[in-house]
1. Please count how many residues of segment B:28-77 are part of a helix (DSSP H, G or I) and either more than 30 Å from B:Met268 (Cα to Cα) or at pLDDT 80 or above (or both).
2. Does segment B:213-230 hold any residues that are within 25 Å of B:Ala313 (Cβ to Cβ) and surrounded by fewer than 20 Cβ atoms within 10 Å (Cβ to Cβ), and which are they?
3. Residues that are out of contact with any Gly (no Cβ under 9 Å at 6 or more places or on another chain) and either surrounded by 15 or more Cβ atoms within 10 Å (Cβ to Cβ) or of a type outside the set (Ser, Thr, Tyr) (or both): does segment A:195-202 have at least one?
4. A:Ala314 fails exactly one of the following numbered conditions: (1) within 30 Å of A:Glu227 (Cβ to Cβ); (2) in contact with a helix residue (DSSP H, G or I) (Cβ under 9 Å, 6 or more places away or on another chain). What is the number of that condition?
5. Name the residues in segment B:78-120 that are more than 10 Å from chain A (Cβ to nearest Cβ) and either closer than 14 Å to A:Gln91 by Cβ or at pLDDT 80 or above (or both), would you?
6. Take A:Leu211 and decide whether it is in the same structural domain as A:Gly263 (by TED's automatic domain parsing) and modelled with pLDDT of 95 or more.
7. Of all residues in segment A:251-300 being within 24 Å of the chain's Cα centre (by Cα) and basic (Lys, Arg), which is farthest from B:Glu239 (Cα to Cα)?
8. Would you say B:Ala123 is of a type in the set (A, V, I, L, M), surrounded by fewer than 21 Cβ atoms within 10 Å (Cβ to Cβ) and away from chain A (no Cβ under 14 Å)?
There are 2 protein chains.
Amino acid sequence: MARLAGVSRATVSYVLNNTSAVRISEPTRRRVREAAKELGYVPHAAARSLRAGHSRMVLMPAPTVPVGPLYGRFINELQWALGRLDYTVVQYGTVGVHGDEAVRAWAELRPVAILAPGSGLDARGVAVLRRSGARAVVTLGPEAVEGAHALLMDHETVGHCAGRHLYDRGRRRIGVVVPREPGLGVFSGPRLEGVRRAVRGTGATVTELPLAYEEAAAARLAARWRELGLDAVFAYNDEYAMLLMRALQDEGIAVPGETALIGADDLMLGRLLRPRLSTVRIELPSGRDLAELVDRAVRDPAAPPERRTVLGAAVVHRESS
Amino acid sequence: MARLAGVSRATVSYVLNNTSAVRISEPTRRRVREAAKELGYVPHAAARSLRAGHSRMVLMPAPTVPVGPLYGRFINELQWALGRLDYTVVQYGTVGVHGDEAVRAWAELRPVAILAPGSGLDARGVAVLRRSGARAVVTLGPEAVEGAHALLMDHETVGHCAGRHLYDRGRRRIGVVVPREPGLGVFSGPRLEGVRRAVRGTGATVTELPLAYEEAAAARLAARWRELGLDAVFAYNDEYAMLLMRALQDEGIAVPGETALIGADDLMLGRLLRPRLSTVRIELPSGRDLAELVDRAVRDPAAPPERRTVLGAAVVHRESS
């Protein structure tokens, strides 16, 4: 490459490593870069980050639970916004690896920041990550973790919103669907708790309804619906709501006459149902705002942990409730 | 760490780097590892891969188009299976970066293998990746690329299956929904072509129906349905099928009496519709099979490129067609 560019090997190394300690003219730099391009030279990110002592890599451990379309869109937007700020987002799937072992696997990659969705990170894990050189650790979840910035996403507010709505519509015996699918407890637990809080002290009752995402399971639940004596149900989300609405209708139970029904997520499919599905619209922060928070945290790694509540909820009232 | 383990610094380095050239007893190795654990030592993946000359990293550029639940599940399973074979799967989101630039960003990470979904990789890109040290490049998409192993996923077969079914049900004027959403052309184009091939030479007609995934757009299409004179429609997938079925029913068009309707993907929601939605079930290969293919390719980097057709399709006939 030195020969092609007509410069010394040291010069090639200085230019490709972007060394600023040595003065090299712009035309020479350009000649080296053109030669590198012609030869198909690709720098080694690992070597570069070793030299620089840090990387521009923002590591996002891939969520271990199935994420809905809403959250998927949010993650996409966040990746895009971080890319605009010149970070490289790496989604790291550590399937079957948990706790300390997972944290060590993340630390090995020496990311400049970690954006950890869900739980699975504790104060010790944050310390390991910081010690390995991460300038910022940001959690996305229901609770703050010591030493890390926290974007608090508390799904309790989603349940509270739904419970309050059903109560205001005059319903007093409220069922709450709790998916049997593994991994969803982190969302369904707080949602159930939110409904409970919404009706606390009012005399209204809250009944937990475990339900698998299967037609047969929904049919079984619908078959014993009248024994349960419920007049309303918060169905966890729009997909479970669609499943349950169909089963109730097949059983001859009028929605909303006999049972009011509300979902969550405000998916398109809710608008296509008859009656049109009421839902809780979940408001996630913009990817751009979060990307800026990450960037600030990286620039000032000694700043005290920030805590922000980033999940909002609002009822979209349609026909089913 | 040397002090804690009671050994020399050189011994620590040999143990942590897994150097086999130097004989160190198992008890000493254990002592060093325990000291490392106690001190919270995390090796540097980059440094390790520089020393080893390669990594166990399988890079998957994140798909640039929204993926459905089916494909998402497939990717999860594949990651899990590669994890079992001791590979680390890194999903790399290079949003807004295309072509050569994207390939260079992938090569910089020095993965041992690249599993590239969709298009966006050409023969030149494969060469750059191989030259940078990747032992295997595997594409997942409609066409093979020179120098890479190919898992051929040709969606033409999905359309062919749907078209054949509608023809066999006696339909002769077939509409095919083509989503207006950007990025889906890679699937919708071949699906449309598949329908065309299924009825070629029969006298049946195929009409392209551009449709945005919005209620208003579906209502506009349904309003001019009778002018179009169609007796069947392949609605791209189950979600577009649900959207269109609702619009047709709201317009008073009987499904399947006046228009037969078929989707694709075999999602739960299709079974919840009335009439129950006919669909094309797409059969993806098992994640384990693919993981084994990647592993074989890594072990034998000089093997000639393998080409396998991995997408199957079968009609699930319900009530809407």
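The values are calculated or read from the model by the stated rules, or taken from the named source; none is laboratory data. The structure displayed is predicted, hence computed values, not measured ones. No Cβ is skipped: glycine too gets one built from the backbone with ideal geometry, and neighbour counts run over all protein chains shown.
1. 20
2. B:Tyr213, the sole residue that qualifies.
3. Within segment A:195-202 (the criterion being out of contact with any Gly (no Cβ under 9 Å at 6 or more places or on another chain) and either surrounded by 15 or more Cβ atoms within 10 Å (Cβ to Cβ) or of a type outside the set (Ser, Thr, Tyr) (or both)), the answer is yes, since at least one residue qualifies.
4. (1)
5. B:Leu85, B:Asp86, B:Tyr87, B:Pro111, B:Val112, B:Ala113, B:Ile114, B:Leu115, B:Ala116, B:Pro117, listed by residue number.
6. Here the answer is yes, as A:Leu211 does meet what is asked.
7. Checked segment A:251-300; the qualifying residue farthest from B:Glu239 (Cα to Cα) is A:Arg299.
8. No: the conditions fail for B:Ala123.
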